[in-house]
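Okay, structure first, notes after.
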Amino acid sequence: MDFNLSPESKMMVKAAKDFCEKEISPIMDSIIENNDYPDDLITKFANARMLGLVVPKEYGGVGTTNLNIILITEELGKTGSVCAYPMLMNNSTAETIDYWGSEDVKKKFLPPLCDGSAYACTAFTEPGTGSDPRALTTTAVPDGDDFIINGTKRYITGGNKKGYGVFYVKDEIMKGEKGDVTAFVVDKSSEGYSASAPWSLMGLEGMNCVDVFFKDVRVPGSSILGERGNGFPILLRWIAGERIQQAAYMVGLGQAALDESVKYVKERIVGGKPMGFMQGFQWMLSEMKGRIDACRYLTYRAACLQDDGKQIAIDSSELKIFVTTTIQEITRMAMQIHGSYGYSKEYKVERLFRYAAHAGVVATSTELNKTIAGSALLKSKR
Ligand SMILES: Cc1cc2nc3c(=O)[nH]c(=O)nc-3n(C[C@H](O)[C@H](O)[C@H](O)COP(=O)(O)OP(=O)(O)OC[C@H]3O[C@@H](n4cnc5c(N)ncnc54)[C@H](O)[C@@H]3O)c2cc1C
């Protein structure tokens, strides 16, 4: 596998760096203070050509690679802000619609998700479960050519932002059959659709994780993705891609933690000298760098497999198990290097540590990733 970046990829990395400096840095403090980002953030991503990245140009997309999404995400992760997530949500939801949607569905939903006029979301989790499709209780009941959806979704990133989402619900008629989960594209301004205030999280300020309430929401049957009752494979495919994208975000957080640490040990005087002169800190920094590089290359590798059309379910689970624990440890080391200042909100490393904590439970928990990767090993003929 060749990790020499193409001229296009290098250009995208440069554009992402510029974007972070020009568009994200000035609003960082206000995002944290308000626990929200400005509504026009998504338009800014669209103007920078960071939406619909793998969606074909005919639907308003950029038509580029998953590797480029990863590279952009890593840059956004370095800011230590939540801003990567609305960008990722639009990209991954649009990709799902492009892959599974009918021509009419693609024509209707992809252009607004690519031109920044709509925020996306993807919703599986409910109050009763985030891991088990059998335990879903949100239902869709057919009514002529439409379906009527009732129920509650929980922790839905961007579920409160105007636009469209892919929602996984139980088909009341098919209930109990093996495939009884159906994926619907829902307009978030539909009558009967409402959202709670955002959950107050340990980190990721501005994530906009909300509960979504469906009260007799009428959705046309034509907005089903794939086949009725075939929602679970659609979810599994989406979430495997999410694992790689989240790993890229974690790599960005880890790199930022290292950068802050290198800066700090050069400036902080201990025993009359900058603390970087102490060998112990040099060793810590070198360890951090090696581990981040390993995470980065594994992440690029998984994205390249995805671009080659290979199965990524197992590789992405292995990747996430490794990256989650490694980067969490990197951010802890960065806090330690900063002494008491690392425990202060005045310093970026405190935020990086809190943000890194989410990866063990979001977009497939560590336990489920271990089950996916471990059971695949048992089935393997090698
Ligand atoms: C910041 C954030 C953003 C989120 N965004 C979204 C979103 O946009 N859309 C969405 O649908 N959801 C979202 N979620 C929800 C998230 O995906 C779920 O919380 C996650 O899937 C875990 O579900 P749960 O909390 O219900 O845990 P549960 O499923 O109740 O699991 C509880 C514990 O048991 C373990 N466990 C469960 N089943 C097994 C098993 N079979 N074997 C071994 N261990 C098991 C889990 O690993 C976990 O540790 C978000 C959550 C957060 C915190």
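The values are calculated or read from the model by the stated rules, or taken from the named source; none is laboratory data. Remember, it's a predicted structure, so these values are computed and weren't measured experimentally. Here the Cβ is made from the backbone with ideal geometry for all residues, glycine too, and neighbour counts use every protein chain on show. Protein only, heavy atoms only, side chains kept; ligands, DNA and RNA dropped before computing areas. Shrake-Rupley method; radii C 1.70, N 1.55, O 1.52, S 1.80 Å.
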Residues in segment 361-369: is at least one part of a helix (DSSP H, G or I), open to solvent by 40 Å² or more (accessible area, probe 1.4 Å), among the hydrophobic types (A, V, I, L, M, F, W, C) and not assigned by TED's automatic domain parsing to the domain that holds Met89?
yes
Please pick out the residue among Arg268, Arg296, Arg351, Arg291 that is under 15 Å from Lys78 (Cα atoms), away from the ligand (no atom under 16 Å from the Cβ) and among the charged types (D, E, K, R).
Arg296
For segment 34-50, what are the residues that are farther than 19 Å from Lys106 by Cα and part of a helix (DSSP H, G or I)?
Asn34, Leu41, Ile42, Thr43, Lys44, Phe45, Asn47
Considering only helices (runs of 4 or more DSSP H) wholly within segment 51-151, the ones with at least 1 residues that are away from the ligand (no atom under 15 Å from the Cβ), of a type in the set (Phe, Trp, Tyr) and outside the structural domain of Ala183 (by TED's automatic domain parsing) are 84-100, 103-114
So, in segment 370-382, how many residues would count as being assigned to a loop (DSSP other than H, G, I, E, B) and within 15 Å of the ligand (Cβ to nearest atom)?
0
Using the structure shown, decide if Ser222 is among the polar types (S, T, N, Q), in contact with an Asp or Glu (Cβ under 7 Å, 6 or more places away or on another chain), at pLDDT 95 or above and within 16 Å of the ligand (Cβ to nearest atom).
no
Do we find a residue being under 15 Å from Glu74 (Cα atoms), of a type outside the set (Val, Ile, Thr) and surrounded by fewer than 23 Cβ atoms within 10 Å (Cβ to Cβ) anywhere in segment 316-324?
no
Just to be sure, is Phe277 farther than 20 Å from Ser92 by Cα and either within 28 Å of the chain's Cα centre (by Cα) or of a type in the set (A, V, I, L, M) (or both)?
no
It is to be established whether one or more residues within segment 251-267 are assigned by TED's automatic domain parsing to the domain that holds Arg351, under 20 Å from the mean Cα position of the chain (by Cα) and open to solvent by 20 Å² or more (accessible area, probe 1.4 Å).
yes
Could you count how many residues in segment 322-349 are touching a helix residue (DSSP H, G or I) at 6+ places or on another chain (Cβ under 9 Å) and more than 21 Å from Lys289 (Cβ to Cβ)?
4
